[in-house]
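Student: Before we start, here is the structure in question, set down as structure tokens.
The values are calculated or read from the model by the stated rules, or taken from the named source; none is laboratory data. Quick caveat, the model's predicted, so the values are computed rather than measured. In this analysis, Cβ positions are derived from the backbone assuming ideal geometry, glycine residues included, and neighbour counts consider all displayed protein chains. Accessible surface areas use protein heavy atoms only, side chains included; no ligands, DNA or RNA. Shrake-Rupley method; radii C 1.70, N 1.55, O 1.52, S 1.80 Å.
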Amino acid sequence: MITLTIDKIVYKAPLTTKVMHDVAKRWKKNALQMLRRQGHRATGALANSMKLKWELNQDKDEWAIELTPDVAYWKFVDSGVDGVDKKYSRETFKFLDTTNSRTFSFKNKKPPLSAIMGWLKTKGYQGRNAKGQFITDRSFGFLVQRAIFQRGLKPSYFISKTGNNILKKYSDPIASAVGQDVANIITKIL
């Protein structure tokens, strides 16, 4: 439950809590939809690991919602990775804190072959040579690794863009809920 402190007395803020829960659920739903639309589903580990985390600082009456997947590679899927030959333009998001955002790029180290091999196996892809004959999985893995190294990975912004859109859409309802909770508290005080 989100609380507000007025004159060193802590009051519950039920309307703000409800709106923030609704915003968090909508953000997660939109992020999952964006992942599906863009075809980012091999094992489902990224989608299944998305958890909403609440950060409440009662001393300062601050609260935050964080949607951070529990897999290490989510940042690369969200912000993309520049390849050696291809660079992606980056979007900036007005409402989100972009000071911590990083741009990733391949310089001299290629993506891990083991991860690519696992992804190829999960997807069921098989490589062919110029004559149409099947090549070994390992050879195909090296080709995909080299292609990713050169071309990079296109940004999906499944967390960043959906979060920005949610904040734009819900900033007024959040402010209204906080204002209503404060008005209710003041009414109780008087």
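Student: Would you point out the residue of segment 57-77, among those that are surrounded by 12 or more Cβ atoms within 10 Å (Cβ to Cβ) and more than 18 Å from the chain's Cα centre (by Cα), that is modelled with the highest pLDDT?
Tutor: Across segment 57-77, the extreme among qualifying residues is Trp63.
Student: On to the next question. How many of the residues making up segment 91-100 are loosely packed, with under 15 Cβ neighbours inside 10 Å and either of a type outside the set (S, T, N, Q) or at pLDDT 90 or above (or both)?
Tutor: 4
Student: May I ask you to verify whether Val182 is surrounded by 17 or more Cβ atoms within 10 Å (Cβ to Cβ) and not in a loop (DSSP other than H, G, I, E, B)?
Tutor: Here the answer is no, as Val182 does not meet what is asked.
Student: Can I ask one more? Any chance segment 115-123 includes a residue that's modelled with pLDDT under 95 and in a loop (DSSP other than H, G, I, E, B)?
Tutor: Within segment 115-123, none of the residues are modelled with pLDDT under 95 and in a loop (DSSP other than H, G, I, E, B).
Student: Another question, then. State whether the residues of segment 110-129 include one that is under 30 Å from Thr5 (Cβ atoms), within 29 Å of the chain's Cα centre (by Cα) and open to solvent by less than 80 Å² (accessible area, probe 1.4 Å).
Tutor: No - not one qualifying residue is present in segment 110-129.
Student: Still on this structure: Looking at Phe142 and the list (1) touching a helix residue (DSSP H, G or I) at 6+ places or on another chain (Cβ under 6 Å); (2) open to solvent by 70 Å² or more (accessible area, probe 1.4 Å), which single condition is not satisfied?
Tutor: Exception for Phe142: condition (1).
Student: For segment 128-160, how many residues meet the condition of being touching a Leu at 6+ places or on another chain (Cβ under 9 Å) and more than 17 Å from Ser114 (Cα to Cα)?
Tutor: Final tally of qualifying residues: 5.
Student: Still on this structure, I have one more. Among the residues of segment 145-157, write down those that are outside any helix (DSSP H, G or I) and surrounded by fewer than 18 Cβ atoms within 10 Å (Cβ to Cβ).
Tutor: Lys154
Each row is one residue, and each column tells you yes or no for (1) loosely packed, with under 13 Cβ neighbours inside 10 Å; (2) of a type in the set (Lys, Arg); (3) more than 21 Å from Gly179 (Cβ to Cβ).
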site	(1), (2), (3)
Tyr11	no, no, no
Thr16	no, no, no
Val19	no, no, no
Thr43	yes, no, yes
Met50	no, no, yes
Ser79	no, no, yes
Gly83	no, no, yes
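Student: Here is a follow-up. Cβ-Cβ under 9 Å, sequence separation 6+ or interchain: first residue in segment 158-170 and over 22 Å from Gly80 (Cα atoms) and in a helix (DSSP H, G or I), partner modelled with pLDDT of 90 or more and open to solvent by 60 Å² or more (accessible area, probe 1.4 Å). Which pairs?
Tutor: Pairs that qualify, where the first residue is over 22 Å from Gly80 (Cα atoms) and in a helix (DSSP H, G or I) and the partner is modelled with pLDDT of 90 or more and open to solvent by 60 Å² or more (accessible area, probe 1.4 Å), are Lys169/Arg26; Tyr170/Asp22; Tyr170/Arg26.
Student: How many of the residues in segment 21-41 are surrounded by 13 or more Cβ atoms within 10 Å (Cβ to Cβ) and over 20 Å from Lys168 (Cα atoms)?
Tutor: 4
Student: Would you confirm, using the coordinates I've provided, whether Ala147 is within 22 Å of Thr103 (Cβ to Cβ) and among the aliphatic types (A, V, I, L, M)?
Tutor: Taking the combined requirement at face value, the residue satisfies it.
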